[in-house]
1. Among the residues of the range 61-93, which ones are under 18 Å from residue 44 (Cβ atoms) and part of a loop (DSSP other than H, G, I, E, B)?
2. Give the residues of the range 1-22 that are touching a residue at least 24 places away in the same chain (Cβ under 8 Å) and either farther than 28 Å from residue 91 by Cβ or surrounded by 18 or more Cβ atoms within 10 Å (Cβ to Cβ) (or both), sorted by residue number.
3. Looking at the range 94-117 only, could you name the residues that are part of a helix (DSSP H, G or I) and modelled with pLDDT of 85 or more?
4. If only one of 168, 157, 196 is over 25 Å from residue 82 (Cα atoms) and modelled with pLDDT of 80 or more, which one is it?
5. Going by what's in this entry, would residue 58 be described as in contact with a strand residue (DSSP E or B) (Cβ under 6 Å, 6 or more places away or on another chain), in a loop (DSSP other than H, G, I, E, B) and surrounded by 17 or more Cβ atoms within 10 Å (Cβ to Cβ)?
(Lines give C-alpha, C1' and ligand atoms only; values in the text may rest on other atoms or scores of the structure.)
Protein backbone atom coordinates (compact mmCIF):
# COMPACT_ATOMS: atom_id res chain seq x y z
CA UNK A 1 0.00 0.00 0.00
CA UNK A 2 1.33 3.41 -0.98
CA UNK A 3 2.15 5.73 1.90
CA UNK A 4 -0.04 8.87 1.98
CA UNK A 5 1.50 12.21 1.05
CA UNK A 6 2.71 14.06 4.15
CA UNK A 7 2.63 17.85 4.42
CA UNK A 8 3.27 20.69 6.84
CA UNK A 9 1.07 23.80 6.63
CA UNK A 10 2.57 27.24 7.25
CA UNK A 11 0.20 30.21 7.57
CA UNK A 12 -0.15 32.90 10.23
CA UNK A 13 -3.96 32.63 10.18
CA UNK A 14 -5.18 29.82 12.40
CA UNK A 15 -8.49 29.52 10.58
CA UNK A 16 -6.71 28.98 7.26
CA UNK A 17 -4.42 26.34 8.77
CA UNK A 18 -7.33 24.46 10.34
CA UNK A 19 -9.53 24.64 7.25
CA UNK A 20 -6.79 23.47 4.91
CA UNK A 21 -5.77 20.67 7.27
CA UNK A 22 -9.35 19.36 7.39
CA UNK A 23 -9.67 19.61 3.61
CA UNK A 24 -6.48 17.67 2.93
CA UNK A 25 -6.98 14.98 5.54
CA UNK A 26 -10.72 14.35 5.24
CA UNK A 27 -11.23 14.78 1.49
CA UNK A 28 -7.86 13.79 0.08
CA UNK A 29 -6.30 11.44 2.62
CA UNK A 30 -3.18 13.61 2.76
CA UNK A 31 -1.40 13.38 6.10
CA UNK A 32 -0.87 16.75 7.83
CA UNK A 33 2.12 16.29 10.14
CA UNK A 34 1.64 19.68 11.75
CA UNK A 35 0.94 23.36 11.24
CA UNK A 36 2.95 26.48 12.00
CA UNK A 37 2.10 30.15 12.25
CA UNK A 38 5.62 31.57 12.72
CA UNK A 39 8.99 31.20 11.07
CA UNK A 40 10.58 29.59 14.13
CA UNK A 41 7.76 27.06 14.48
CA UNK A 42 7.90 26.30 10.75
CA UNK A 43 11.63 25.61 10.78
CA UNK A 44 11.37 23.43 13.89
CA UNK A 45 8.42 21.48 12.50
CA UNK A 46 10.03 20.88 9.11
CA UNK A 47 13.27 19.73 10.74
CA UNK A 48 11.46 17.33 13.09
CA UNK A 49 8.88 15.85 10.73
CA UNK A 50 10.60 15.93 7.31
CA UNK A 51 7.36 16.00 5.25
CA UNK A 52 7.06 15.34 1.55
CA UNK A 53 5.91 18.91 1.03
CA UNK A 54 5.42 22.25 2.78
CA UNK A 55 2.39 24.38 1.88
CA UNK A 56 3.16 28.00 2.70
CA UNK A 57 1.48 31.39 2.60
CA UNK A 58 3.51 34.41 1.50
CA UNK A 59 1.85 37.24 3.39
CA UNK A 60 2.76 36.42 6.96
CA UNK A 61 4.02 38.54 9.83
CA UNK A 62 6.42 39.40 11.28
CA UNK A 63 8.49 37.20 8.91
CA UNK A 64 6.97 36.95 5.44
CA UNK A 65 7.13 33.86 3.24
CA UNK A 66 10.03 35.10 1.14
CA UNK A 67 12.27 35.67 4.15
CA UNK A 68 11.21 32.31 5.53
CA UNK A 69 12.11 30.57 2.25
CA UNK A 70 15.56 32.16 2.35
CA UNK A 71 16.02 31.09 5.97
CA UNK A 72 14.90 27.52 5.29
CA UNK A 73 17.40 27.08 2.45
CA UNK A 74 20.19 28.77 4.43
CA UNK A 75 19.66 26.29 7.27
CA UNK A 76 19.72 23.30 4.95
CA UNK A 77 16.01 22.50 4.77
CA UNK A 78 15.35 20.87 1.37
CA UNK A 79 11.64 20.18 1.75
CA UNK A 80 9.83 21.13 -1.49
CA UNK A 81 7.56 24.14 -1.03
CA UNK A 82 4.30 25.06 -2.74
CA UNK A 83 2.92 28.54 -2.14
CA UNK A 84 -0.79 28.95 -1.36
CA UNK A 85 -1.59 32.64 -1.24
CA UNK A 86 -4.09 35.38 -2.04
CA UNK A 87 -1.46 37.32 -4.00
CA UNK A 88 -1.89 37.25 -7.77
CA UNK A 89 1.05 39.63 -8.22
CA UNK A 90 3.43 38.78 -11.04
CA UNK A 91 6.29 40.14 -8.91
CA UNK A 92 5.43 37.72 -6.10
CA UNK A 93 5.17 34.90 -8.63
CA UNK A 94 8.62 35.70 -9.98
CA UNK A 95 10.19 36.04 -6.52
CA UNK A 96 8.65 32.76 -5.38
CA UNK A 97 10.04 30.73 -8.27
CA UNK A 98 13.43 32.39 -7.97
CA UNK A 99 13.39 31.34 -4.32
CA UNK A 100 12.99 27.75 -5.49
CA UNK A 101 9.33 26.92 -4.82
CA UNK A 102 7.72 24.00 -6.68
CA UNK A 103 4.30 25.58 -7.11
CA UNK A 104 2.25 28.74 -6.87
CA UNK A 105 -1.44 28.34 -5.99
CA UNK A 106 -4.15 30.84 -5.11
CA UNK A 107 -6.50 30.57 -2.15
CA UNK A 108 -9.54 31.25 -4.32
CA UNK A 109 -8.93 28.09 -6.37
CA UNK A 110 -11.47 25.28 -6.24
CA UNK A 111 -10.61 22.96 -3.31
CA UNK A 112 -10.37 19.91 -5.59
CA UNK A 113 -7.91 21.78 -7.82
CA UNK A 114 -5.77 22.63 -4.79
CA UNK A 115 -5.75 18.97 -3.74
CA UNK A 116 -4.79 17.87 -7.26
CA UNK A 117 -2.02 20.47 -7.46
CA UNK A 118 -0.57 19.41 -4.11
CA UNK A 119 -0.56 15.76 -5.20
CA UNK A 120 1.17 16.66 -8.45
CA UNK A 121 3.76 18.76 -6.64
CA UNK A 122 4.48 15.89 -4.26
CA UNK A 123 5.15 13.71 -7.35
CA UNK A 124 7.79 16.20 -8.47
CA UNK A 125 5.79 18.30 -10.92
CA UNK A 126 5.81 22.09 -10.97
CA UNK A 127 2.33 23.58 -10.65
CA UNK A 128 0.88 27.03 -11.22
CA UNK A 129 -2.62 28.35 -10.61
CA UNK A 130 -4.40 28.53 -14.00
CA UNK A 131 -5.02 32.26 -13.67
CA UNK A 132 -1.29 32.81 -13.12
CA UNK A 133 -0.16 30.87 -16.19
CA UNK A 134 -0.36 33.86 -18.54
CA UNK A 135 1.58 36.00 -16.07
CA UNK A 136 4.18 33.27 -15.82
CA UNK A 137 4.69 33.11 -19.57
CA UNK A 138 4.85 36.91 -19.65
CA UNK A 139 7.47 36.76 -16.92
CA UNK A 140 9.56 34.15 -18.73
CA UNK A 141 9.47 35.96 -22.06
CA UNK A 142 10.20 39.60 -21.17
CA UNK A 143 10.78 42.58 -23.44
CA UNK A 144 11.48 41.89 -27.07
CA UNK A 145 11.21 38.14 -26.59
CA UNK A 146 7.42 38.48 -26.20
CA UNK A 147 7.32 39.17 -29.93
CA UNK A 148 8.75 35.72 -30.60
CA UNK A 149 6.71 32.56 -30.31
CA UNK A 150 7.74 29.76 -27.93
CA UNK A 151 8.14 27.56 -31.03
CA UNK A 152 10.88 29.86 -32.34
CA UNK A 153 12.80 29.30 -29.13
CA UNK A 154 12.29 25.55 -29.20
CA UNK A 155 13.73 25.34 -32.73
CA UNK A 156 17.06 26.48 -31.29
CA UNK A 157 17.33 23.38 -29.10
CA UNK A 158 19.01 20.19 -30.23
CA UNK A 159 17.19 16.88 -29.93
CA UNK A 160 19.20 16.03 -26.79
CA UNK A 161 18.41 19.41 -25.24
CA UNK A 162 14.69 18.89 -25.88
CA UNK A 163 14.97 15.49 -24.24
CA UNK A 164 16.63 16.98 -21.17
CA UNK A 165 14.05 19.77 -21.04
CA UNK A 166 11.37 17.08 -20.98
CA UNK A 167 13.00 15.54 -17.91
CA UNK A 168 13.27 18.98 -16.29
CA UNK A 169 9.51 19.39 -16.70
CA UNK A 170 9.09 16.32 -14.49
CA UNK A 171 11.17 17.90 -11.74
CA UNK A 172 14.10 15.50 -12.11
CA UNK A 173 17.53 16.36 -10.74
CA UNK A 174 20.64 16.46 -12.92
CA UNK A 175 21.73 13.16 -11.39
CA UNK A 176 18.42 11.49 -12.23
CA UNK A 177 18.54 12.83 -15.79
CA UNK A 178 22.09 11.56 -16.22
CA UNK A 179 21.03 8.09 -15.10
CA UNK A 180 17.95 8.07 -17.31
CA UNK A 181 19.91 9.07 -20.41
CA UNK A 182 23.13 7.16 -19.60
CA UNK A 183 25.28 10.27 -19.80
CA UNK A 184 27.53 11.99 -17.28
CA UNK A 185 26.34 14.46 -14.66
CA UNK A 186 28.67 17.14 -16.09
CA UNK A 187 27.19 16.62 -19.56
CA UNK A 188 23.70 17.21 -18.19
CA UNK A 189 24.86 20.39 -16.44
CA UNK A 190 26.34 21.65 -19.71
CA UNK A 191 23.13 20.92 -21.61
CA UNK A 192 21.04 22.68 -18.96
CA UNK A 193 23.22 25.79 -19.26
CA UNK A 194 22.75 25.75 -23.04
CA UNK A 195 18.97 25.32 -22.65
CA UNK A 196 18.72 28.28 -20.26
CA UNK A 197 20.81 30.44 -22.57
CA UNK A 198 18.81 29.58 -25.69
CA UNK A 199 15.44 30.07 -23.99
CA UNK A 200 16.50 33.30 -22.28
CA UNK A 201 15.79 31.87 -18.81
CA UNK A 202 17.71 32.10 -15.54
CA UNK A 203 16.99 28.88 -13.64
CA UNK A 204 16.06 25.22 -14.10
CA UNK A 205 12.74 25.96 -12.38
CA UNK A 206 11.87 28.51 -15.07
CA UNK A 207 12.91 25.99 -17.73
CA UNK A 208 10.66 23.34 -16.18
CA UNK A 209 7.72 25.72 -16.06
CA UNK A 210 8.36 26.75 -19.67
CA UNK A 211 8.33 23.09 -20.68
CA UNK A 212 5.09 22.39 -18.84
CA UNK A 213 3.33 25.46 -20.19
CA UNK A 214 4.34 24.70 -23.77
CA UNK A 215 3.79 20.94 -23.59
CA UNK A 216 7.37 20.04 -24.35
CA UNK A 217 6.93 16.63 -22.74
CA UNK A 218 4.04 15.57 -24.96
CA UNK A 219 5.62 17.00 -28.08
CA UNK A 220 8.87 15.15 -27.42
CA UNK A 221 6.98 11.91 -26.80
CA UNK A 222 5.04 12.33 -30.05
CA UNK A 223 8.26 12.92 -31.96
CA UNK A 224 9.87 9.82 -30.47
CA UNK A 225 6.86 7.69 -31.37
CA UNK A 226 6.88 8.94 -34.96
CA UNK A 227 10.58 8.19 -35.25
CA UNK A 228 10.09 4.64 -34.01
CA UNK A 229 6.91 4.01 -36.02
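The values are calculated or read from the model by the stated rules, or taken from the named source; none is laboratory data. Please read these numbers as outputs of a predicted model, since none were measured by experiment. No Cβ is skipped: glycine too gets one built from the backbone with ideal geometry, and neighbour counts run over all protein chains shown.
1. Scanning the range 61-93 gives 62, 63, 75, 76, 77, 78, 79.
2. Residues satisfying the conditions are 4, 5, 6, 7, 8, 9, 10, 11, 12, 20.
3. Within the range 94-117, 94, 95, 96, 97, 111, 112, 113, 114, 115, 116, 117 qualify.
4. 157 is the lone residue from the list that is over 25 Å from residue 82 (Cα atoms) and modelled with pLDDT of 80 or more.
5. In short, yes.
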